[in-house]
Amino acid sequence: MDSIKKLTEMFREFPGIGPRQAKRFAFYLLTRPNSYLNDFAETVKNLKQEIRLCSSCFRFFPEDASRSNLCLICRNPDRDKTSILIVSKDVDFETVERSHFYNGLYFILGGTVPILDKDPENRIRAKDLRNTIERRAEKEGLKEIILAMSLNPEGENTEEYVTSMLRPLVEKYKIKISLLGRGLSTGTELEYSDSETIKNALMNRH
């Protein structure tokens, strides 16, 4: 397999990228000077060395001088520790955070649960989520869990699975589970929603 075909196949593995777009990416790189390609390759090579995974919310964040295992949000004493907002991926977290409306903590599931999936436990960070909810309920008085999934069949299936999975903890610690309000249109991917829409969806959660 030549380099163009190999690159095309690699780009096709990116979420939302089809074969034509993947091939355009490969040919685009051919038009760039060597300095750009060297910088591109070096950036990719260093990606996992410079980015850490938060041990609390499980989002990726740039390593800083503190070398802490917690991201800045989880370290921030001014964040509301009585609420936790659950999203499927990092870009969804960034979309919500850009709204400047929510001031609680987060949890990144790391994926969604496809309909009829036979092994949902391994699709998301189910065990880590249970541990996080129990720890925050016992030590920080967690009062509300907000499920912020995309309004499509897979997102709604994930909401149902997470709600069912957390039911024993919710009942034990008297925690409220909220869903985003219909400020979001059905079929909407959370990451593509604007700040005002996210704000309305959070305000009208139920």
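One table, with the values for the structure above:
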| read-out | value |
| --- | --- |
| Tally, over the stretch 136-172, of residues that are aromatic (F, W, Y) and at pLDDT 95 or above | 0 |
| Filter pass, R52 being at pLDDT below 95, charged (D, E, K, R) and touching a strand residue (DSSP E or B) at 6+ places or on another chain (Cβ under 8 Å) | yes |
| Answer residue from the stretch 110-151, given it is among the polar types (S, T, N, Q) and surrounded by fewer than 17 Cβ atoms within 10 Å (Cβ to Cβ) and is farthest from T163 (Cα to Cα) among those | N122 |
| Of all residues making up the stretch 58-76, the number that are more than 15 Å from Y106 (Cβ to Cβ) and assigned to a loop (DSSP other than H, G, I, E, B) | 7 |
| In the stretch 61-81, the residues that are touching a helix residue (DSSP H, G or I) at 6+ places or on another chain (Cβ under 9 Å) and surrounded by fewer than 15 Cβ atoms within 10 Å (Cβ to Cβ) | P62, E63, D64, S66 |
| Residue count for the stretch 5-52, restricted to those that are surrounded by 10 or more Cβ atoms within 10 Å (Cβ to Cβ), among the β-branched types (V, I, T) and either under 23 Å from E63 (Cα atoms) or assigned by TED's automatic domain parsing to the domain that holds D90 (or both) | 2 |
| Yes/no for P15 being at pLDDT 90 or above and either of a type outside the set (D, E) or touching a Gly at 6+ places or on another chain (Cβ under 6 Å) (or both) | no |
| Hey, F107 touching a residue at least 12 places away in the same chain (Cβ under 8 Å), more than 16 Å from the chain's Cα centre (by Cα) and outside the structural domain of P15 (by TED's automatic domain parsing) or not | no |
| Test: residue in the stretch 40-49 that is closer than 19 Å to E97 by Cβ and of a type in the set (V, I, T) | no |
| Residue check, D92 of a type outside the set (A, V, I, L, M, F, W, C), assigned to a helix (DSSP H, G or I) and at pLDDT 95 or above | no |
| Selection count where residues are among the small types (G, A, S), free of Cβ contacts under 8 Å to residues at least 12 places away in the same chain, under 29 Å from I108 (Cβ atoms) and part of a helix (DSSP H, G or I), scope the stretch 1-57 | 1 |
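The values are calculated or read from the model by the stated rules, or taken from the named source; none is laboratory data. Since the structure is predicted, the reported quantities are computational estimates derived from the model, not experimental observations. Quick reminder, even Gly has a Cβ in these numbers, built from the backbone with ideal geometry, and neighbours come from all protein chains shown.
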